[in-house]
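Student: One structure, pasted below without further comment.
The values are calculated or read from the model by the stated rules, or taken from the named source; none is laboratory data. All values reported here derive from a predicted model rather than from experimental measurement. Please note: Cβ atoms are built from the backbone with ideal geometry, for glycine as well, and neighbour counts cover all protein chains shown. Please note that ligands, DNA and RNA were not included when accessible areas were found on the heavy atoms of the full protein model with its side chains. Shrake-Rupley method; radii C 1.70, N 1.55, O 1.52, S 1.80 Å.
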Amino acid sequence: MVGPAEYSPQKPFPGGPSAKSRLDRDVLSLSGIDAVLWLEGINDFSKNGNASVEAVEAGMKDVVGRIRAKFAGVRIIGATLTSALGSTNANHGSPEEDAKRKALNEFIRGGGLFDGVADFDEATLDSRTGEMRAEFMPESTTGGPGDKIHPNRLGYLAMGMAIDLNLLAPIPVTWR
């Protein structure tokens with residue numbers, strides 16, 4: 001969301017360009033948008049990003065406002081961030097990052113910004129360890145151990161099943 005101030009092939013940044021900088025390309029340049037399902041990544045809270053929760057929340061508010069200004073009646077579904085606790089990536093997995101993730105998830109769930117929530121955290125979290133559930137860890141393609149940030153295919157399926165499709169269904173037009 002917050003991401004680097006500048007991103008280009010000459011100035012790459014781990015995690016890529018921010019969601020705000022991609023908004024025109026990824027959403028606003030499209031037509032016929034009725035609903036947006038928004039999953040913000042955890043990179044803002046990594047050791048590379050080190051953004052505050054408040055900065056990410058402010059960015060979300062800005063982006064949601066821009067989407068609503070462009071598409072009348074659009075429904076925006078916020079998705080909670082999944083755990084990276086214990087990640088094998090040195091830039092992720094710290095207790096500090098996890099505390100920020102949890103705070104942002106509470107904002108997504110209860111901040112009133114979104115029309116609904118896809119609770120990917122709840123769908124993938126092992127409440128005993130605070131990490132992603134073990135069955136979502138092994139990397140499906142290479143068979144490796146996984147990075148404890150990105151779920152495997154089964155984890156992505158669990159995330160997909162956490163989406164209430166009624167939130168994305170077209171709103172029927174009624175005539176008076």
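Student: Could you check how many residues of the stretch 72-85 are part of a loop (DSSP other than H, G, I, E, B), open to solvent by 20 Å² or more (accessible area, probe 1.4 Å) and in contact (Cβ under 8 Å) with a residue 24 or more places away in the chain?
Tutor: Number satisfying all stated conditions: 3.
Student: If you take the residues of the stretch 93-114 that are of a type in the set (A, V, I, L, M), part of a helix (DSSP H, G or I) and more than 13 Å from the chain's Cα centre (by Cα), which of them is surrounded by the most Cβ atoms within 10 Å (Cβ to Cβ)?
Tutor: Taking the candidates together, the pick is Ala103.
Student: Further question on the same structure: Take the stretch 29-52 and flag every residue that is assigned to a helix (DSSP H, G or I) and open to solvent by 20 Å² or more (accessible area, probe 1.4 Å).
Tutor: Asn43
Student: Can Gly59 be described as in a helix (DSSP H, G or I) and modelled with pLDDT under 95?
Tutor: Judged against the criteria, Gly59 is a match.
Student: If Ala169 satisfies every condition in (1) part of a helix (DSSP H, G or I); (2) farther than 30 Å from Glu54 by Cβ; (3) without any contact (Cβ under 8 Å) to a residue 12 or more places away in the chain but one, which is the exception?
Tutor: The single condition Ala169 does not satisfy is (1).
Yes/no matrix, rows are residues, columns are (1) within 18 Å of Asn105 (Cα to Cα); (2) at pLDDT 95 or above; (3) surrounded by 13 or more Cβ atoms within 10 Å (Cβ to Cβ); (4) polar (S, T, N, Q):
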site: Glu131; (1), (2), (3), (4): yes, yes, yes, no
site: Pro145; (1), (2), (3), (4): no, no, no, no
site: Leu154; (1), (2), (3), (4): no, yes, yes, no
site: Leu165; (1), (2), (3), (4): no, no, no, no
site: Leu168; (1), (2), (3), (4): no, no, yes, no
